[in-house]
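Everything below concerns the one structure shown next.
The values are calculated or read from the model by the stated rules, or taken from the named source; none is laboratory data. Here the structure is a predicted model, which is why all the values come from computation and not from measurement. We place every Cβ from the backbone using ideal geometry, glycine too, and count neighbours over all the protein chains shown.
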Protein chains: 2
Amino acid sequence: MFKEIISSQSLEITAKPTSGRIPLGFKGAGIFCGIKKRRKDLALILSERPATAAGVFTTNVVQAAPVLICKEHLSERDTFRALIINSGNANACTGEQGYKDAFEMSSLIASELGLENNEIFVSSTGVIGETLPMDKISEGIKIIASEIFSTEKQEEEKMQEAAEAIMTTDTFSKTVSSTFLINGKEVTIYGMAKGSGMIHPNMATMLGFILTDATIEKKLLQSMLKNATNKTFNRIIVDGDTSTNDMVLALANGASSAEIIAETHEHYIFENELFALLKKLSLDIVRDGEGATKLIEITVDGAGSIEDAEKIGRTIALSPLVKTAIHGEDANWGRIIAAAGYSGIKFDPAQFEIFINGIKILGSNYSVELSIEESNKTLEPHYIYLTIKIGNGNYSATCWTCDFSEEYVKINGSYRS
Amino acid sequence: MFKEIISSQSLEITAKPTSGRIPLGFKGAGIFCGIKKRRKDLALILSERPATAAGVFTTNVVQAAPVLICKEHLSERDTFRALIINSGNANACTGEQGYKDAFEMSSLIASELGLENNEIFVSSTGVIGETLPMDKISEGIKIIASEIFSTEKQEEEKMQEAAEAIMTTDTFSKTVSSTFLINGKEVTIYGMAKGSGMIHPNMATMLGFILTDATIEKKLLQSMLKNATNKTFNRIIVDGDTSTNDMVLALANGASSAEIIAETHEHYIFENELFALLKKLSLDIVRDGEGATKLIEITVDGAGSIEDAEKIGRTIALSPLVKTAIHGEDANWGRIIAAAGYSGIKFDPAQFEIFINGIKILGSNYSVELSIEESNKTLEPHYIYLTIKIGNGNYSATCWTCDFSEEYVKINGSYRS
């Protein structure tokens, strides 16, 4: 039996990100090149040595040009050197021209840095349906290729600028790093991310870039990234909309000389650190939802399989009725049990139990021991731990969402016009 | 090739219901018995002669006691006589006691009317998780059993009172009737409904009761009701939440002496009338969504199957991002194509076309011929016909939803507290 172990304390993260330590052998830069009106819109991340890579991409049928390019490059070779990312324009639904532009972005930066075209990953986020302003981007690429070697700023500061350049409607940049020992050698993992489709779906892409100085074989890196993404980025549920551009990329350049070998104790340590890091980035994305006033962790326990538990959790997390009730601090358990009931997973409703922040608001056989007022009080905190117990088995899964406020509708209804 | 033919004009229905003609041999009554604070809360519908019946019930795993009782009665016999319905309390998540109470409701009215217990259908709608006030209900049942034979009011008026007694948060009662000729004999179908889970999910049940004086064999009535429900009540998508109490029941008592025989021309006529009637009730439910300012008809054309078309339409109809954009009159086609893209149905995005109220806002190969301002203008009417064309085949499906306003969140966040 496998149970996910997720510390509840970890929800209580600080609002400001920790930029933290950068893994050995990586450089970053972020500049303004004119795609957006004012703010930074072009980022470059470079590994000084060849790095293995892994990628997890959107499952949307409509895939933006940079997603296609990244998948091709990932399948063509084993080592990579750089990521070029623009914000302000998603290069999605742009047809043939979009594909050419994404290819040109990687070619331009490759030629500036003296690399092969397919050693580069390309990523875009921003408005859908408009072609990239390639004149501005090619000018920007020349500048950023020199900026990345500049010694006027600390490397940490430059990497932080890269993290800012991938933002769209995010209100704060999301970065995190973790340093730990592998066989007595220091290993660092660093991650940056930008927000998902909660607010401005035209600028809704969820991007994550993970860098480490460990040595990790490509297949192992792919399996670890996929596992961790499935339990973190893929478990944050804001409005259920999946973007055309979502991607999480990881680079491992081995500069620390610590090696992660599959099925060893070190593999387990590294995977746990990676999971914690992606979880931190995921929760930062949920917390940055405009209009969100509460962060909700939903754990479904007692399911027949992890998939069942996830499906029930996801259905509850997507229910506008549950999300508005939590926003209004109304511990309306009828909405929760009804949402679970249409998840498609069969269970005995008489065994259903609901806990909010550790307090049982519904027991089995529909027993309610708290008054409505007492139940509602459990929803006062900003961090809501909602635990559902069903009687089907021993599996559980956790997902995260935020509440649904009037602000969300206001912002989304008047975004472009 | 089967294509659904749905007249677009039919969206433009009047706000006030037409109570219309009651089929021969049916009586109704609606009274106040004290479950709610003030308004009518108990309804009775009686057929003077045995009627065949059909039912379509919620697919939620959590099924309220009256749903279980109705299913049992429906399977136990071929003819039925009455429906007893209360509002204000759903008798859902009430365990053993709830089942006993629902059974008692049918027994009480059966004994008042001199009928068998299983000739009665029982239906409840209202708050989840509280047991029925059986003292008030048994008093009410005595009163309504005499009220239904009272001649002080017109039959039409009494049936209208029944329609009012099944309302919860509905702002108007929803009734419709249609009279037409079958083999030279007048046949009437009458329907009443109450709203679905768009606003107050504790009072969110969608109920529909259909009465006709045609003679229809039980199996044929079931198949017609199921087909019509699948294309009407099951295609209205407000927030995706499916209640524990949803049901649509039909009674056919043969009082008109016109018989509908399977696979005849008359069968086709009757089925078409039934579909139109259920569609009218469905649209009334969508239009009654508090906070809703626009009624949206989504037709997906060019799909490989009706199921595929429906799945894409349903995903678009459920996307908060699409619904808030339409609310804000922002013809944000990126949101529509992205929602279609995560429906799970594969298609070639370059062949995707979008029409709003007949105007093409997105052509194939992502061609956009209108300015943003011109596109947005297409969303000004209250009735939005959104047509999506994909290039997979010749099948289409239509569903209905409403826009998503700040009001929705405001009402749902402060419902109980």
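Looking at A:Ser396 and the list (1) touching a residue at least 40 places away in the same chain (Cβ under 8 Å); (2) within 8 Å of chain B (Cβ to nearest Cβ); (3) not basic (Lys, Arg), which single condition is not satisfied?
Just one mismatch for A:Ser396, condition (2).
Answer yes or no: is there a residue in segment B:245-255 that is over 24 Å from B:Ser123 (Cα atoms), assigned by TED's automatic domain parsing to the domain that holds B:Asn89 and out of contact with any Lys or Arg (no Cβ under 6 Å at 6 or more places or on another chain). Full working, then the answer.
Residues of segment B:245-255 that are over 24 Å from B:Ser123 (Cα atoms), as a first pass: B:255.
Of the ones still in play, those that are also assigned by TED's automatic domain parsing to the domain that holds B:Asn89 are B:255.
So of that shortlist, the ones also out of contact with any Lys or Arg (no Cβ under 6 Å at 6 or more places or on another chain) come out as B:255.
Checked against the condition, which is being over 24 Å from B:Ser123 (Cα atoms), assigned by TED's automatic domain parsing to the domain that holds B:Asn89 and out of contact with any Lys or Arg (no Cβ under 6 Å at 6 or more places or on another chain), segment B:245-255 yields at least one hit.
Take the residues of segment B:69-100 that are of a type in the set (Gly, Ala, Ser) and out of contact with any Gly (no Cβ under 9 Å at 6 or more places or on another chain): which is farthest from B:Leu211 (Cα to Cα)?
Within segment B:69-100, the first condition is being of a type in the set (Gly, Ala, Ser), and the residues that meet it are B:75, B:82, B:87-88, B:90, B:92, B:95, B:98.
So of that shortlist, the ones also out of contact with any Gly (no Cβ under 9 Å at 6 or more places or on another chain) come out as B:75, B:82, B:95, B:98.
Working: B:Ser75: 19, B:Ala82: 11, B:Gly95: 31, B:Gly98: 27 Å.
So, considering only residues that are of a type in the set (Gly, Ala, Ser) and out of contact with any Gly (no Cβ under 9 Å at 6 or more places or on another chain), the one farthest from B:Leu211 (Cα to Cα) is B:Gly95.
Quick check: is even one residue across segment A:108-115 closer than 19 Å to B:Asn365 by Cβ and in a loop (DSSP other than H, G, I, E, B)?
To start, the set of residues in segment A:108-115 that are closer than 19 Å to B:Asn365 by Cβ comprises none.
Among the residues of segment A:108-115, not one is closer than 19 Å to B:Asn365 by Cβ and in a loop (DSSP other than H, G, I, E, B), which makes the answer no.
Give the residues of segment A:318-331 that are assigned to a helix (DSSP H, G or I), buried (at least 24 other Cβ atoms within 10 Å of the Cβ) and of a type in the set (A, V, I, L, M, F, W, C), sorted by residue number.
First, pick out the residues of segment A:318-331 that are assigned to a helix (DSSP H, G or I): A:318, A:320-327.
Those left that are additionally buried (at least 24 other Cβ atoms within 10 Å of the Cβ): A:320-327.
Across segment A:318-331, the qualifying residues are A:Leu321, A:Val322, A:Ala325, A:Ile326.
Yes/no per residue for (1) out of contact with any Pro (no Cβ under 9 Å at 6 or more places or on another chain); (2) surrounded by 22 or more Cβ atoms within 10 Å (Cβ to Cβ); (3) within 11 Å of chain A (Cβ to nearest Cβ); (4) part of a strand (DSSP E or B):
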{"residue": "B:Ile345", "(1), (2), (3), (4)": "yes, no, yes, no"}
{"residue": "B:Leu362", "(1), (2), (3), (4)": "yes, yes, yes, yes"}
{"residue": "B:Asn365", "(1), (2), (3), (4)": "yes, no, yes, no"}
{"residue": "B:Leu370", "(1), (2), (3), (4)": "yes, no, no, no"}
{"residue": "B:Asn376", "(1), (2), (3), (4)": "yes, no, yes, no"}
{"residue": "B:Leu379", "(1), (2), (3), (4)": "yes, yes, yes, no"}
{"residue": "B:Leu386", "(1), (2), (3), (4)": "yes, yes, no, yes"}
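So, A:Asn357, is that one more than 10 Å from chain B (Cβ to nearest Cβ), buried (at least 16 other Cβ atoms within 10 Å of the Cβ) and more than 23 Å from B:Asn60 (Cβ to Cβ) or not?
On the way: more than 10 Å from chain B (Cβ to nearest Cβ): yes; buried (at least 16 other Cβ atoms within 10 Å of the Cβ): yes; more than 23 Å from B:Asn60 (Cβ to Cβ): yes.
The answer is yes for A:Asn357.
Considering only segment B:257-274, state which residues are of a type in the set (Phe, Trp, Tyr) and modelled with pLDDT under 95. Break it down into steps so the answer makes sense when it comes.
Applying the first criterion (of a type in the set (Phe, Trp, Tyr)) to segment B:257-274 yields B:268, B:270.
Across segment B:257-274, the qualifying residue is only B:Tyr268.
In segment A:111-132, what residues are away from chain B (no Cβ under 14 Å) and either charged (D, E, K, R) or within 27 Å of the chain's Cα centre (by Cα) (or both)?
First, pick out the residues of segment A:111-132 that are away from chain B (no Cβ under 14 Å): A:111-123.
If the condition is that a residue be away from chain B (no Cβ under 14 Å) and either charged (D, E, K, R) or within 27 Å of the chain's Cα centre (by Cα) (or both), then A:Glu112, A:Glu116, A:Asn117, A:Asn118, A:Glu119, A:Ile120, A:Phe121, A:Val122, A:Ser123 are the ones that fit.
Assuming B:Glu157 fulfils every condition listed in (1) assigned to a loop (DSSP other than H, G, I, E, B); (2) without any contact (Cβ under 8 Å) to a residue 24 or more places away in the chain; (3) in contact with a Ser or Thr (Cβ under 9 Å, 6 or more places away or on another chain) apart from one, which condition is it?
So the condition that B:Glu157 fails would be (1).
Taking segment A:46-67, which residues are of a type outside the set (S, T, N, Q), farther than 22 Å from A:Leu220 by Cα and touching a residue at least 24 places away in the same chain (Cβ under 8 Å)? If you could, list the steps in order and put the result at the bottom.
Residues of segment A:46-67 of a type outside the set (S, T, N, Q): A:46, A:48-51, A:53-57, A:61-62, A:64-67.
Applying the additional criterion that residues be farther than 22 Å from A:Leu220 by Cα yields A:61-62, A:64-66.
Hits for segment A:46-67 are A:Val62, A:Ala64, A:Ala65, A:Pro66.
Working only within segment B:160-178, note down all residues that are hydrophobic (A, V, I, L, M, F, W, C) and assigned to a helix (DSSP H, G or I). I'd like the intermediate steps shown before the answer.
First, the residues of segment B:160-178 that are hydrophobic (A, V, I, L, M, F, W, C): B:162-163, B:165-167, B:172, B:176.
Result: B:Ala162, B:Ala163, B:Ala165.
Of the residues that make up segment B:67-90, is at least one among the β-branched types (Val, Ile, Thr), part of a helix (DSSP H, G or I) and under 25 Å from the mean Cα position of the chain (by Cα)?
Keep residues of segment B:67-90 that are among the β-branched types (Val, Ile, Thr), which gives B:67, B:69, B:79, B:84-85.
Still in the running and part of a helix (DSSP H, G or I): B:67, B:69.
From what is left, the residues that are under 25 Å from the mean Cα position of the chain (by Cα) are B:67, B:69.
Yes, segment B:67-90 contains at least one residue that is among the β-branched types (Val, Ile, Thr), part of a helix (DSSP H, G or I) and under 25 Å from the mean Cα position of the chain (by Cα).
Checking the conditions here, which among A:Gly254, A:Gly240 is modelled with pLDDT under 90 and surrounded by fewer than 24 Cβ atoms within 10 Å (Cβ to Cβ)?
A:Gly240
Would you confirm whether any residue within segment B:121-136 is touching an Asp or Glu at 6+ places or on another chain (Cβ under 7 Å), small (Gly, Ala, Ser) and under 30 Å from B:Ala258 (Cβ atoms)? Steps first, answer last, please.
Of all residues in segment B:121-136, those touching an Asp or Glu at 6+ places or on another chain (Cβ under 7 Å) come to B:131-132, B:134.
Then keep just the ones that are small (Gly, Ala, Ser); that gives none.
No, that holds for no residue.
Regarding segment B:169-176, can at least one residue be identified that is in the same structural domain as B:Ile261 (by TED's automatic domain parsing), charged (D, E, K, R) and free of Cβ contacts under 8 Å to residues at least 40 places away in the same chain?
Looking only at segment B:169-176, we keep the residues that are in the same structural domain as B:Ile261 (by TED's automatic domain parsing), and these are B:169-176.
Cutting the leftovers down to charged (D, E, K, R) gives us B:170, B:174.
Retained after the next criterion (residues that are free of Cβ contacts under 8 Å to residues at least 40 places away in the same chain): none.
Scanning segment B:169-176 turns up no residue that is in the same structural domain as B:Ile261 (by TED's automatic domain parsing), charged (D, E, K, R) and free of Cβ contacts under 8 Å to residues at least 40 places away in the same chain.
I want to confirm something. Restricting to segment B:293-310 and keeping residues that are part of a strand (DSSP E or B) and of a type in the set (D, E, K, R), which single residue is farthest from the other protein chains (Cβ to nearest Cβ)?
Kept after step one, since they are part of a strand (DSSP E or B), are these residues of segment B:293-310: B:295-303.
With the extra rule that they be of a type in the set (D, E, K, R), the set shrinks to B:297, B:301.
Details: B:Glu297: 20, B:Asp301: 17 Å.
If we take residues in segment B:293-310 being part of a strand (DSSP E or B) and of a type in the set (D, E, K, R), then B:Glu297 is farthest from the other protein chains (Cβ to nearest Cβ).
For B:Thr52, state whether it is surrounded by fewer than 21 Cβ atoms within 10 Å (Cβ to Cβ), more than 13 Å from chain A (Cβ to nearest Cβ) and within 25 Å of the chain's Cα centre (by Cα).
Details: surrounded by fewer than 21 Cβ atoms within 10 Å (Cβ to Cβ): no; more than 13 Å from chain A (Cβ to nearest Cβ): yes; within 25 Å of the chain's Cα centre (by Cα): yes.
For B:Thr52, the condition - surrounded by fewer than 21 Cβ atoms within 10 Å (Cβ to Cβ), more than 13 Å from chain A (Cβ to nearest Cβ) and within 25 Å of the chain's Cα centre (by Cα) - is not met.
Does B:Pro349 qualify as being within 8 Å of chain A (Cβ to nearest Cβ), in contact with a Gly (Cβ under 8 Å, 6 or more places away or on another chain) and in contact (Cβ under 8 Å) with a residue 24 or more places away in the chain?
Details: within 8 Å of chain A (Cβ to nearest Cβ): yes; in contact with a Gly (Cβ under 8 Å, 6 or more places away or on another chain): yes; in contact (Cβ under 8 Å) with a residue 24 or more places away in the chain: no.
In short, no.
Which pairs do you get when a residue that is at the interface with chain B (Cβ under 7 Å from one of its Cβ atoms), found in segment A:311-329, comes within reach of a residue that is of a type in the set (Ser, Thr, Tyr) and surrounded by fewer than 24 Cβ atoms within 10 Å (Cβ to Cβ), reach meaning Cβ atoms under 6 angstrom, with the pair 6+ apart or on two chains?
Close Cβ pairs satisfying both conditions: A:His327/A:Ser405; A:Gly328/B:Ser414.
Could you list all residues from segment A:77-100 that are of a type in the set (A, V, I, L, M) and out of contact with any strand residue (DSSP E or B) (no Cβ under 6 Å at 6 or more places or on another chain)?
Listed by number, the list holds a single entry, A:Ala92.
Tally up the residues in segment B:334-343 that are of a type outside the set (Gly, Ala, Ser) and more than 7 Å from chain A (Cβ to nearest Cβ), please.
Taking segment B:334-343 and keeping what is of a type outside the set (Gly, Ala, Ser), we get B:335-337, B:342.
Filter once more, so that each one left must be more than 7 Å from chain A (Cβ to nearest Cβ): B:336.
The total comes to 1.
Does A:Arg21 satisfy being in a strand (DSSP E or B) and surrounded by fewer than 24 Cβ atoms within 10 Å (Cβ to Cβ)? Walk me through it before giving the result.
Numbers: in a strand (DSSP E or B): no; surrounded by fewer than 24 Cβ atoms within 10 Å (Cβ to Cβ): yes.
Considered against the rule, which asks whether it is in a strand (DSSP E or B) and surrounded by fewer than 24 Cβ atoms within 10 Å (Cβ to Cβ), A:Arg21 comes out as no.
Taking into account only those residues within segment A:291-334 that are modelled with pLDDT of 95 or more and among the hydroxyl-bearing types (Ser, Thr, Tyr), which is farthest from the chain's Cα centre (by Cα)?
Among those residues, the one meeting the criterion is A:Ser305.
Take B:Leu74 and decide whether it is touching a strand residue (DSSP E or B) at 6+ places or on another chain (Cβ under 6 Å) and either at pLDDT 90 or above or in the same structural domain as B:Leu283 (by TED's automatic domain parsing) (or both).
Working: touching a strand residue (DSSP E or B) at 6+ places or on another chain (Cβ under 6 Å): yes; either at pLDDT 90 or above or in the same structural domain as B:Leu283 (by TED's automatic domain parsing) (or both): yes.
Criteria met by B:Leu74.
When you go through (1) surrounded by fewer than 24 Cβ atoms within 10 Å (Cβ to Cβ); (2) modelled with pLDDT of 95 or more; (3) in contact with a Ser or Thr (Cβ under 8 Å, 6 or more places away or on another chain) one by one for B:Ser223, which number turns out not to apply?
(3)
(1) under 25 Å from B:Glu96 (Cα atoms); (2) out of contact with any helix residue (DSSP H, G or I) (no Cβ under 6 Å at 6 or more places or on another chain); (3) crowded, with 24+ Cβ neighbours inside 10 Å: which one isn't true of B:Pro133, the others all being true?
Unmet for B:Pro133, out of (1) under 25 Å from B:Glu96 (Cα atoms); (2) out of contact with any helix residue (DSSP H, G or I) (no Cβ under 6 Å at 6 or more places or on another chain); (3) crowded, with 24+ Cβ neighbours inside 10 Å: (3).
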